[in-house]
Amino acid sequence: MTARRRLRAMLREGPMVVAPGAWDCITARLIEQAGFPAIYMTGAGTAATLGYPDYGLIGLTEMADNAGRIAAAVGVPVIADADTGYGNELNVTRTVREYERRGVAGLHIEDQGFPKKCGHLDNKEVIPAAQFAAKIRAAAEARTDPDFLIIARTDARAALGLDEAVARANAALSAGADMAFVEAPQSAEEIAAVPKRVNGPCLLNVVRGGKTPPLDLAEADRQGYRLAILPGVLLANVVAVCDDTLAAIKAQGRHPDPMGRQSLKQLFGRFGADEWDKIRAAYDMPPSRAAE
């Protein structure tokens, strides 16, 4: 079974799929090794790896290439941020083809104007609803693999209210989206209302410190959400650990003790060293043969 088909089966059969956010192959492998069934490629994290904030400064090729690297490094499905699709329906068509070609299991496309920004920041703008529906229809028609997941994200809650966001989500599902992503509901009541009012599977974006209040994942599952992404959960913690480690170096004047006490061999093993050693051993020859 392909990763895309496995993802669809998980979303259909339950429980809710939880996909922490990765921005590179290191974080993706750690998520997989921790036992999570899927990985979310965070656009904010991808932008940060290139030295930019999540302000729509990263283009299609940069995002698709990163998604492809992550998908190639792991065996679980990868769902990737595709921002606005990087333009009109023509750009959306190319976006779907590029992500699909790189082995990604699915993507989400949003209705923000361009340049877009993080969905939990202020002063977002959205395009007209009809334009959004047309872009989603183009995305659905562009895929060559019917198992490739199209997620329609609407940021209309911030600018136009929850009713408009729900209406756009339902219109996107009618246009061919497989799942709806109502970004940044602003209360516990709104979180609970989304899967009741949206006529299809729903995604919940869990962002600590964002517009959406905290919610236990088990409760989100009971409310009917089928997928929860945690885009910044590792990024925030990694930044904090790096700050503490660098401060310790300056204060102590030496290499601090590594967290987790892993040996170098164990550390390399987390990223496939054992598999590569087996390949090398399969072709290794004794000295007498090597001299022939």
Among SER187, SER263, SER174, the residue with the largest mean-square fluctuation in a Gaussian network model of the chain built from Cα contacts under 10 Å is SER263
Which of the listed residues, MET1, PRO258, VAL76, is farthest toward the dipole's positive end in the chain, when Lys, Arg count +1 and Asp, Glu count -1 at the beta-carbon?
-> MET1
Could you give the angle, 0 to 90 degrees to the nearest 10, between helix 233-252's Cα long axis and the longest principal axis of the Cα atoms of the chain?
-> 40
Of ALA73, ALA281, ALA218, which is the most mobile in a GNM of the chain whose springs link Cα atoms less than 10 angstrom apart?
-> ALA281
How far is helix 129-142 tilted, in degrees, relative to the longest principal axis of the Cα atoms in the chain, given as a value from 0 to 90 rounded to the nearest 10?
-> 40
In deg cm²/dmol, rounded to 500, what helix-only [θ] at 222 nm does the chain give when every DSSP H run of at least 4 residues adds -39500 (n - 2.57) and the total is split over its residues?
-> -14500 deg cm²/dmol
What residue among GLN33, GLN262, GLN131 has the largest mean-square fluctuation in a Gaussian network model of the chain, using Cα springs under 10 Å?
-> GLN262
Non-local Lys pairs in the range 3-239, i.e. 8 or more apart or on different chains, that have alpha carbons under 18 Å apart | 5
Separation between Cα centres of the range 199-238 and the range 34-93, rounded to whole Å = 18
Exposure proxy check: ILE279, ILE150, ILE136 ranked by fewest other beta carbons within 10 Å?
-> ILE279, ILE150, ILE136
Antiparallel content of DSSP bridges confined to the chain, in %, to 5 = 5
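Values in this text are rule-based calculations from the coordinates and carry no lab data. As the structure is a computational prediction, the values presented were derived from the model and not from experiment. As a convention, Cβ positions derive from the backbone with ideal geometry for all residues, glycine included, and neighbour counts pool all protein chains shown.
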